[in-house]
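Accompanying notes for the structure given below.
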Amino acid sequence: MKTNIYLYIFVMAFATWCMRVIPSLIMRKPIENRFAKSFLHYVPYVTLAVMTFPAIVEATDEPVAGLVAFAAGIIAAWFGANLINVAAVCCITVLFIELMI
Amino acid sequence: MLFLEGVRVGFPIGLGYFAVAFSLGIAARGYGFTPFQGFLSSLITYASAGQYMGFSLYAVNGTILQLIILTVIINLRYILMGFALNQRMPAGTALSRRILVGSCITDEIFGATIARPGVPSPYYTFGALLTAVPMWAAGTAIGIGMGNILPAKIVSALSVALFGMFIATIIPASKKDRRIMAAVVTAFICSYIAGAVPALSELSQGTRTIILTIGISALFALILPVPEGAEDSEEIKKEVLSHED
């Protein structure tokens, strides 16, 4: 028998929310342990880096467009472009290259 | 106002979400979801990889227990992100503030929150969440309802918006802190290798993200630990100078 789809949807949402707030429930103050502190210092950037590459190359219809967008985004961000502008640079790069091909 | 600042960053995030949700919707349609069911699940779950897993599990009659276990595994990165955000909050921060900020965690909102200096604010995160998530939910519903109406080239171009935002978060931090740069470059290389090596590439994207994040962050915490008491580059510079004495 198939589980009720709404029960399914609510369980999925609640389980996901729990993952978001578990750290908030158990942390009372910043961690002092040097290893743990250093670990958490790196986590945000490493996780975003892992999620970005090579996924950006796989997201576009033409892999080369994703690769060039990746490079263009890094250059734009390096020279101080903000969040929105970097995203726009990446999108326009892909559009431009895929129209050329 | 912090809330409006969140709205401003939430809008481009939402545009990216819309494109991704659209393709999620096309998948959900194949798994038998109606536009309303897709809209509801996106509105209250707002987790891309997790939802994709949930939809596909429903299609193969997965049990509630399987759903819970897989949701926990796929979204483990949210726990890491939650710890990283709470690390930015001083002792004595109200529990409500911690929970509200944590509730807003998505890959992109986390990225935007981390990129912003100072203690994470629930006004900022909710400004972003309340702007971006309705677009995520609408994209899912429209994807289910209408299938492919946007030209493929537009979908392809929009699909990199999210990655652009990730890049905009990691690059300025790398420029300021060479240890982060080393970790980021290592992460790019390892992630590429993990996607190409047969045994590792069979793992889901979410599982690979967790393994690589924990492995690389732990490695760098061991070989390049953050100096005691140093939170920003100023203090790091002072520490370096005092070592030169």
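The values are calculated or read from the model by the stated rules, or taken from the named source; none is laboratory data. It should be emphasised that the depicted structure is a prediction, and the values quoted were computed from it without experimental measurement. Neighbour counts run over all protein chains shown; Cβ positions are idealised from the backbone, glycine included. These area figures cover heavy atoms from the full protein model, side chains too; ligands, DNA and RNA do not enter into them. Shrake-Rupley method; radii C 1.70, N 1.55, O 1.52, S 1.80 Å.
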Taking chain B as the region of interest, what is the percent of Cα-Cα pairs per 10 angstrom bin, listed from the shortest bin to the one with the maximum distance? 7, 26, 35, 23, 7, 2, 0
What does the structure give for B:135-145 when I average, per residue, the other chain Cβ atoms found within 10 Å of the residue Cβ? 0
A correct Karplus calculation of ³J(HN,Hα) over segment A:91-96, with 6.51 cos²θ - 1.76 cosθ + 1.60, θ = phi - 60°, whole Hz and x for Gly and Pro, returns 4, 5, 4, 5, 4, 4
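How much net charge surrounds residue B:165 when only other residues with a Cβ under 14 Å from its Cβ are counted (Lys, Arg +1; Asp, Glu -1)?
For residues surrounding residue B:165, the net value is 0.
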Taking springs between alpha-carbon atoms closer than 10 angstrom, which of A:14, A:70, A:35 fluctuates most in the Gaussian network model of chain A? A:14
Degrees between helix B:64-74 axis and first principal axis of chain B (Cα, 0 to 90, nearest 10): 40 degrees
Counting only other chains, what is the mean number of Cβ atoms within 10 angstrom of the Cβ of each residue in peptide B:36-45? 4
Between the alpha-carbon centers of segment B:65-99 and segment A:5-59, tell me the distance in whole angstrom. 6 Å
Within the protein assembly as shown: Cβ-based charge dipole about Cα centre, in debye rounded to nearest 20 (Lys, Arg +1; Asp, Glu -1): 680 debye
Mean residue ellipticity at 222 nm from the helices of chain A, using -39,500 (n - 2.57) per DSSP H segment of n ≥ 4 over the full residue count, to the nearest 500 deg cm²/dmol? -26500 deg cm²/dmol
C-alpha long axis of helix B:178-196 to longest principal axis of chain B, angle in °: 40 degrees
Given a 1.4 angstrom probe, I'd like the percentage of the accessible area of the protein assembly as shown that is carbon and sulfur, rounded to a whole number. 71 percent
In sequence order, calculated HN-Hα J values of segment A:46-54 (Karplus, 6.51, -1.76, 1.60; Hz; x Gly/Pro): 5, 5, 5, 5, 4, 6, 7, 10, x
In degrees from 0 to 90, rounded to the nearest 10, what is the angle of the helix B:205-223 Cα long axis to the longest principal axis of chain B? 0 degrees
For peptide B:114-127, what's the mean number of Cβ atoms from other chains within 10 Å of each residue's Cβ? 1
For segment A:70-75, take each phi angle, set θ = phi - 60°, evaluate the Karplus expression 6.51 cos²θ - 1.76 cosθ + 1.60, and give the result in whole Hz per residue in order, putting x for glycine and proline. 4, 5, 5, x, 5, 5
